[in-house]
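Some notes on the structure that comes next.
The values are calculated or read from the model by the stated rules, or taken from the named source; none is laboratory data. A quick note: this is a predicted structure, and the numbers were derived from the prediction, not measured. Every residue, glycine among them, receives a Cβ derived from its backbone with ideal geometry; neighbour counts consider all protein chains shown. Remember, those area values only see protein heavy atoms, side chains included, never the ligands or the DNA or RNA. Shrake-Rupley method; radii C 1.70, N 1.55, O 1.52, S 1.80 Å.
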Amino acid sequence: MTDGRPRTPPKGGAPAVGVSGEVLFEFITRGGFVRCAAIDGATGIEVVVVGPTNASQEHLKLIALRKLRLRLARE
């Protein structure tokens, strides 16, 4: 059960993202939703998450980064 606050990733346990470690984020607001894309700078792989407009950008970034790490782990 969560209290609604974003959790921080475990220290030292998170794998690096791509070779360069660079991640680009893009936010687009449409109506009542925000689309957050996370793009790995080394591979160009992109993942997208969608959330409500009242969600913080930091929270959406955290979710998108986790999704990107999972996607890169499968590659």
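Taking the stretch 39-58 as the range and being in a strand (DSSP E or B), open to solvent by less than 40 Å² (accessible area, probe 1.4 Å) and under 14 Å from residue 72 (Cα atoms) as the test, the residues that pass are 40, 47. So, residue 73, is that one exposed (fewer than 14 other Cβ atoms within 10 Å of the Cβ) and either assigned to a strand (DSSP E or B) or in contact (Cβ under 8 Å) with a residue 40 or more places away in the chain (or both) or not? Here the answer is yes, as residue 73 does meet what is asked. Name the residue that is most open to solvent (accessible area, probe 1.4 Å), counting only residues in the stretch 26-38 that are in a strand (DSSP E or B) and not hydrophobic (A, V, I, L, M, F, W, C). Selected residue: 30.
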